[in-house]
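The values are calculated or read from the model by the stated rules, or taken from the named source; none is laboratory data. Being a predicted model, the structure only gives us computed values, none of them experimental. For neighbour counting, all protein chains shown are included, and Cβ atoms are generated from backbone atoms with ideal geometry for every residue, glycine included.
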Amino acid sequence: MSQVYENYQKLINARKKVEELEEEVSKLKQATFGEVTAEEDIAKKFFSELALSPEQVKSSEKELQEKKNLLEQAQKLRKEAMDTFLKSLTTMRFPLKLGSEGIEKKGNTVTFHFSEELDKGLLDEIRNNLESDCFSSSKVEILGDKIIAKGFDDVSEAMKEVMSHVETKIWKVAGGILEVDKYVLELKTRDEKIQKMLYVLSEAGKPLTKKEMEALANLQPGDLRGVLYVVLKRDPYLREGEHGKYYLTEIGKRIMQRYKEKYPSPIYQETETISKEAESSKTLKNFIEPNKEDTKVE
């Protein structure tokens, strides 16, 4: 846990540095180009060619560029700090009190106490980067000072459930997020219906039913019946929520964000291609078909 907390502090510091530099860049832009400037390149040309002191403009531009370079470096360090933090979550441990002193059993509830309380900011950071249910399920609840296992008469069974929860909801999820690029490449080779399904979920930004996904993805009713359940069983992309609706997991959101950065829409690209083909076909038809009036026999 000490390693996780140390990496958390580094992430917070890196994030703070980026925020400070973003504010400095914003202020320099206003001071150099004016608050109401629409486009920076136009402002550069405007002041360079019309201002009485072009040297001052160049000096301001140089200072701004240097600050932008520092911001770019800080953003890179923030990304590295986030990856390091996530990596430490793949082996996250807890400050459990050892032996019988740390175990309390009341009825069918088993509580595993900590020797020290976890930082609330750290817990919030973990929750924000993993799934919202990473610390809770129907049987396990992880709090700042203890882990509660509900519905167990046997302590050993409770321990097994807690270990399974941490492995699947914290370790594996953190590891999956670190492998987003690998998932994106794999997704590009999968059935196009899967790509379309995840794409419309990402664009919608809310849970959708199978029927809604098919409609938005320009698929026929029933097209997703098979692939949807394969994905649910095998992949970390999405989950089934209430009322028969499906939503992207945190890993799924990150995968689709990166997918959209690398590849065109699997839906609108197809629509555009069909439209172009139809237009081409129409033009060709008009070209090769003779005018009826020209072929009329007198």
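List of remarks:
- Of the criteria (1) within 26 Å of the chain's Cα centre (by Cα); (2) free of Cβ contacts under 8 Å to residues at least 12 places away in the same chain, which one LYS106 fails: (1)
- Counting only helices (runs of 4 or more DSSP H) that fall entirely inside segment 39-141 and contain at least 1 residues that are at pLDDT 95 or above and within 24 Å of GLY175 (Cβ to Cβ), the qualifying elements are 54-89, 120-129.
- Filter result (part of a helix (DSSP H, G or I) and over 21 Å from the mean Cα position of the chain (by Cα)) within segment 184-215: LYS210, LYS211, GLU212, GLU214, ALA215
- Considering the conditions (1) closer than 30 Å to ILE255 by Cβ; (2) in contact with a Pro (Cβ under 6 Å, 6 or more places away or on another chain), SER115 is excluded by exactly one of them, (1).
- Flag not set for THR271, criterion: surrounded by 10 or more Cβ atoms within 10 Å (Cβ to Cβ), more than 30 Å from LYS79 (Cα to Cα), modelled with pLDDT of 95 or more and not hydrophobic (A, V, I, L, M, F, W, C).
- Whenever a residue of segment 192-213 is assigned by TED's automatic domain parsing to the domain that holds ARG258 and free of Cβ contacts under 8 Å to residues at least 24 places away in the same chain, it has no partner that is surrounded by fewer than 14 Cβ atoms within 10 Å (Cβ to Cβ) and among the aromatic types (Phe, Trp, Tyr) lying with C-beta atoms less than 9 angstrom away and at least six residues away or across chains.
- Qualifying positions in segment 205-228 - within 14 Å of TYR247 (Cα to Cα), in contact with a helix residue (DSSP H, G or I) (Cβ under 7 Å, 6 or more places away or on another chain) and of a type outside the set (Val, Ile, Thr): LEU208, LYS210, MET213, LEU228
- In this entry, ALA217 passes the filter for residues that are crowded, with 20+ Cβ neighbours inside 10 Å, farther than 30 Å from GLU104 by Cα and assigned by TED's automatic domain parsing to the domain that holds GLU261.
- Candidates LEU123, LEU143 - the one that is over 30 Å from LEU198 (Cβ atoms), without any contact (Cβ under 8 Å) to a residue 60 or more places away in the chain and not aromatic (Phe, Trp, Tyr): LEU143
- Screening ALA158 with (1) under 23 Å from TYR8 (Cβ atoms); (2) among the hydrophobic types (A, V, I, L, M, F, W, C); (3) in a helix (DSSP H, G or I); (4) not assigned by TED's automatic domain parsing to the domain that holds LYS29 gives one miss only, at (1).
- Any hit, segment 186-203, residues being hydrophobic (A, V, I, L, M, F, W, C) and out of contact with any helix residue (DSSP H, G or I) (no Cβ under 7 Å at 6 or more places or on another chain): no
- Enumeration of residues in segment 225-256 that are out of contact with any strand residue (DSSP E or B) (no Cβ under 9 Å at 6 or more places or on another chain), surrounded by 14 or more Cβ atoms within 10 Å (Cβ to Cβ) and either at pLDDT 95 or above or farther than 20 Å from THR189 by Cβ (or both): GLU250, LYS253
- Scanning segment 98-143 for residues that are within 30 Å of GLU240 (Cβ to Cβ) and of a type in the set (Gly, Ala, Ser) yields SER132, SER136, SER137, SER138.
- One residue stands out among those in segment 142-151 that are out of contact with any Asp or Glu (no Cβ under 7 Å at 6 or more places or on another chain) and not in a strand (DSSP E or B): the one that is nearest to ILE126 (Cα to Cα), which is LEU143.
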